[in-house]
1. Convex hull over the alpha-carbon atoms of the stretch B:60-128: what's its volume per residue in Å³?
2. Sort B:T62, A:T501 by Cβ crowding within 10 Å, fewest neighbours at the top.
3. Can you tell me the convex hull volume per residue for the stretch B:178-336, based on C-alpha atoms, in Å³ to the nearest whole number?
4. When a footprinting reagent is the concern and you count Cβ atoms within 10 Å, what order do C:F56, C:F289 take, fewest first?
5. Taking Cα atoms of the stretch A:327-455, Rg/Rh with Kirkwood Rh, to two decimals?
6. On average, how many beta carbons from a partner chain sit within 10 Å of the beta carbon of a residue in B:155-161?
7. Measure out, as a whole number of angstrom, how far apart the alpha-carbon centroids of the stretch A:117-133 and the stretch B:106-124 sit.
8. Measure off 7 Å from each Cα along the Cα-to-Cβ vector at A:S324 and A:S403, then give the distance between these two points in nanometres to one decimal.
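Derivation of every value follows stated rules applied to the coordinates shown; laboratory data play no part. Just so you know, these numbers come straight off a predicted model, no measurement behind them. Quick reminder, even Gly has a Cβ in these numbers, built from the backbone with ideal geometry, and neighbours come from all protein chains shown.
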Amino acid sequence: MPYLHPEQDTTERRRIDPAIEMEGISKTFGSVRANHDIRFSVRHGEIHALLGENGSGKSTLMNILSGIYMPDQGTIRLRGREVVFRSPKDSIALGIGMVHQHFKLVEPMTACDNISMGTGEGLLQARGKAVSRIREYSDRFGMPIDPDQKVSDMAVGEKQSVEIMKVLYRGADILVLDEPTAVLTPQEIEHLFAILRRMREEGASIVFISHKLNEVMDLCDRVTVLRKGETVGTVDVRDTTPRHLIEMMVGRTVDLAIERPPVGDDGICLDVHGLIVRDVMGVKKLDDVTFRLSHGEILGVAGLAGSGQKELCESIAGLLRPQSGRILFHDHDIIGRSPREIIRMGVSMSFIPEDRLGMGLVASMDIADNIMLKDYALYGGFLLDRPSARRKAQSIVERLDISTPGIFHPVRKLSGGNIQKVILGREIDLSPKLLVTAYAVRGLDINSSYTIYHLLNEQKRKGVAILYVGEDLDVLLELCDRILVLCGGRVTGIVDARTATKEDLGLMMTGLAAHGEATA
Amino acid sequence: MIRIVRKEDMTGVRAALVRFASIVAALVVSMLIVWILGYDPLRTFGAILQGSFGSKFGILNTVVIAVPLLLAALAVSVAFSMKFWNIGAEGQIVMGAFGAAAVSMNLPVGTPPVVAILLSLLAGMVGGAVWALIPGLFRAYLGTNETLFTLMMNYIAIQWVVFLRNFLWKDPAAHGFPIIATIPANAFLPKVFGIHAGWILALALAAAAYFFLRSTKLGYEIRVVGESERTARYAGMDVRRVLVLGVLISGAAAGLAGAVQLTGVTHTLSESIGGGVGFTAIIIAWLSNLNAPAIVATSFLFAALKQGAMSMELLVGSPSSLSDVVMGLVLMAALASEFFLRYRLVREQGAKGRGPLAPPEAGTDRKEGS
Amino acid sequence: MDPTGFAMMIALFLASAIRISIPLLIGTLGETLTERSGHLNLGVEGMMLLGASTGFFVAVRTQNVLLAMLAAMGGAGAGALLYALMTVTFRANQVVTGLALTIFGAGVANTLGKSVTNQSTPRNIQDLFALQPLHPDLSGVQGIPVVGPVLQFIDTAFLQHNLYVYGALVGSALLAFYLYRTHSGLHLRAVGENPAAADASGIRVVAMRYGAIVGGGMLCGLAGLYMPLVHITTWVENITGGRGWIVVALVIFVRWDPLKAILGAFLFGALEIVGFRLQAIPALSGSIFFSQYVIDMYPYAMTILVLILANVRRKKGWQGPGALGVPYFREER
């Protein structure tokens, strides 16, 4: 029988020893420092929020706790004892259960199979026993699960119940929930919270990862905030306010001294109205998005990861077909046009994904070959125009100061900053009228970042309309003219970047405050 | 506990050393296996070298074996460049030979050889292309798994020729033997420097494939689609069109291999005209990193191994199937070397400076309730 | 033709079809086990040849059937282990590795086979497989009308088989039992469907994959051994004659199910010989569609049909294990 009955004889120890203590945790992936000297501790019987922006290192930390990654440095103590996890099996054996944001369920199998998987003793499956235990937990925590239903036939909320049941079934008394509410309806969220509170009463420790501050304030006891892979601090929920948490998350405003040329007056370039995009599952990814973008203007787009930025960029580039709404480019609706037609009209889109190479570049090809990716088809004939691509590549390498052994060097072997310069250099070289760029400075050092800001401003002066999707709020505030904030696919505000503050943006990003259109 | 870690790409001398070492290792293991199977490894390998490079006859034969390998490997490399796993080259070769046979046998008597040969080769390309197009269309429009589809198509092609040989095209002049008649002599490929002219075609196709993938728009699109269909769509490419055209080219090249084999070597159609070339070609293309010049060299080496093994059987009596043992092991070693070029093995530093894994008893306090 | 004679002809045909389907069935079980773990091993033909040659070699040398079977499993298992090492640990391309294994296996088999070319299966082993353990004594009921001929029919078609045949049938049941009723089977299916989920559940993905691939290879070895030891009773070059590729098709055709494999193998086995029998019927001889050479295409064509239907209908279970052919590495980022 798994734990979940607080024991009398160990209650005393529990009060003293934290359930989890992680100290000095560091982990790097290649050149990316995902965690640096992180300190994190959770008591018995508490719900502890782990808060931080995208890329702050939350997922890495939790993957270390669940044995998926090995830390490069640091110690983990569990109930007072030092442990080393070599695989998820070790972590599970010691009572840690992870509920991943992207469910790790085997879809064609039943709930019962998924829940009991990896646990049984003996040769034969004892379905009856498993089912009765599932029923027991179902009743105890109010999670109705049909053990014989296939996961593929379940609603999202039910799948999550199966995930939670899976860790309970393994006797976990430490639960890690990675953004559990991101995919749930309000009713499902209420239901989830009831279950979590019930578990806390029984003495379980719960790590709750979320961006939604109201949920954190509502549900949790303490909060630890991470920023850029480091611990900012741990506070008691009773002693804090959402505004204070936002401050901890986003940090103090830093003056970056990015130049901001005045907005041009060449009229509207892009007019997006009532844009609605659904994914294959029918979930709304963009909900009634409306905004205008003028020539010679930089419109920033802020939002937590996955708030619809990608869908917005892809809709404009013609890669995604919106369900309804219109995208007017110079008064022509471009919805339904092919990506190539849109490129020809003068719309340039570049999206730097988290792995940097996923879209926009062909990793194994050299710089020259990548430079012609967008315009190779614009010339006649069946041959590539290599000489002109070479000339362009050479001039982009020189102008953007890309450090490379030569233009025949595969982009895969370039550093991140140089990879991004290649993309942006190519897009600018197309002399677009509208430049959509997402995460252009992702992972770049300061100097490379400034080169990119400078390039963007140069385009702005030429009258190019720029949609800049960014992560760093300081940069958005200084580079852009206006900032559009997305939260869960909805526009929660369009603000003037000269007057807005980081906290304003943070509140809008987490859906705590909505702001009207500040400027036209 | 050993962990696998990605490392920076190895280049130049070190990479060459790793590859070379892996081939040497494969040869040593092959010798060991040859010895276990009861043959003298040194004599065997000596005989292989002697048979392939030791005489003009050996070299000429090596080239004859290399021609279909080269053509088919080039065919495969085009499909693989767009990550279309065409393992149906064998069937495309057979259908190419079928197309060439069908045309050459039905030309009016007295057709000039140039016309007969060109039409036969063209028919071969059409045969191979059609055979590749069927799975290609299903992949492009329905997403059907092309690996298994093309594999099945091989055996349908082979059975088709078996059927022709025993039924429709059974040669009445063969006194009941189920064979297909020889194609007319005006469709025979002429010999150039003692070898049928297929070698010129094969080298020309290698140059063309190199140029095609590097310098044409379609070749460029094929490479981009192979890297990422998303990126291709982002760049405005019509992925389906690229897939279908690429598959057609791949199938046509494999079909040409079959037509060349028919008009240059066998002069009669049989189901064994592919002889496993379509499969060996896949491995050649893969080992050569889909690079045309490397494919030329690898095809020649594999052909030398085969030719050497055949004469070895005559010279020292070791069975020629030993060449397959060597080939299989060299392939495995080459595949493994790619791993060691990209990853290194690290001893887990988990224990260093930290406590050992807490024993399961650490969890006793939480199990007491049970 | 009189009805009894016709029935006997059918019964004899069924019996032949069953016998010829046995290597297909055992191979299909092996490849099903392998593919259930998410690895597509196209080296079935090579492993069958490896098993056939090593097993037959040992049989000839030792006259011991158990040693022969162990050798067949060992030879083919070693080939499978090589494949597992390459694809699971060294992350090599599964298709290319499988083809390399086929070439390697054929090379070893045909070389080893040379030394036993003119030998036939030892007498004692031939006797063993001449046994028909389920063949009942029907002399008492033969005269009874209706019942007698029916029993006779059943006996001729299904009960006059050797141990290898019944062993294969029991093997199908055991594999089905393993996959659907044991913990380990559940874990294996999970690994093949979604290795990341299985890993997160604490299942040892790499170990399961090695086990399934090597186990599958051993079964392929036993499938190959049937050919020289029981079916042909001597060695000929490339003795499996492309059955390894039919197995690859069959696994898809029976949709990775060991029990359906019995019917599928029987069907493919029947197709292998039905044409020759049909030509004996005057009305059909000369008809192209009933020519054996055309019928030989049917298994592959039917498999392609299944592949296409799987896509068109998007039916669950038709597409095979979710992670088939997709490599999985935990700490990749």
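1. 100
2. Details: B:T62 23, A:T501 13.
Ordered from fewest to most neighbouring Cβ atoms within 10 Å, B:T62, A:T501 come out as A:T501, B:T62.
3. 158
4. C:F289, C:F56
5. 0.96
6. Whole-number average of other-chain Cβ neighbours for B:155-161 is 6.
7. The stretch A:117-133 and the stretch B:106-124 have Cα centres spaced 71 Å from each other.
8. Modelled inter-label distance: 5.3 nm.
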